[in-house]
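Okay, structure first, notes after.
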Amino acid sequence: MAVKSLRARLLTAPDAGDGADPLENARLTFRTTTGETLCVARTNSDGIASCDVAGGISTPAVTLRQGYEVVYAGNNAAQPSQAHGTLER
């Protein structure tokens with residue numbers, strides 16, 4: 001089993017009167033909802049990070065279908081974002 005096209009976009013939290021800006025070169029950790037790390041990627045100039053997890057994942061499919069979370073441990077305040085990916089057998 002493999003997980004393909006995990007993707008997330010990281011934006012700063014908007015300041016008073018300002019819009020959100022993408023955070024470049026931020027380290028994002030993609031992990032299961034049970035806390036198992038799937039992969040780590042850095043954001044590009046648009047704040048987008050993406051990665052694939054090669055076949056042979058030992059995580060049960062039922063856990064992978066519950067979704068994943070993306071963790072940013074940087075010093076900037078970030079606004080909630082959306083992420084997506086696909087599960088392949």
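The values are calculated or read from the model by the stated rules, or taken from the named source; none is laboratory data. Just so you know, these numbers come straight off a predicted model, no measurement behind them. Cβ placement follows ideal geometry from the backbone for every residue including glycine, while neighbour counts extend to all protein chains displayed. Note: areas computed on protein heavy atoms with side chains; ligands, DNA, RNA excluded. Shrake-Rupley method; radii C 1.70, N 1.55, O 1.52, S 1.80 Å.
Going by what's in this entry, would Ala49 be described as more than 17 Å from Ala2 (Cβ to Cβ) and modelled with pLDDT of 75 or more? Talk me through it step by step, then tell me what you get.
Numbers: more than 17 Å from Ala2 (Cβ to Cβ): yes; modelled with pLDDT of 75 or more: yes.
When the stated conditions are applied, Ala49 passes them.
Looking only at the range 1-57, count how many residues are more than 16 Å from Glu69 (Cβ to Cβ), touching a helix residue (DSSP H, G or I) at 6+ places or on another chain (Cβ under 7 Å) and of a type in the set (S, T, N, Q).
Qualifying residue count for the region: 0.
For the subset of the range 60-76 comprising residues that are β-branched (Val, Ile, Thr) and modelled with pLDDT under 85, which member is most open to solvent (accessible area, probe 1.4 Å)? Show your work before the answer.
Of the residues in the range 60-76, the ones β-branched (Val, Ile, Thr) are 62-63, 70-71.
Those left that are additionally modelled with pLDDT under 85: 62-63.
Values: Val62: 96, Thr63: 20 Å².
Going through the qualifying residues, I end up with Val62.
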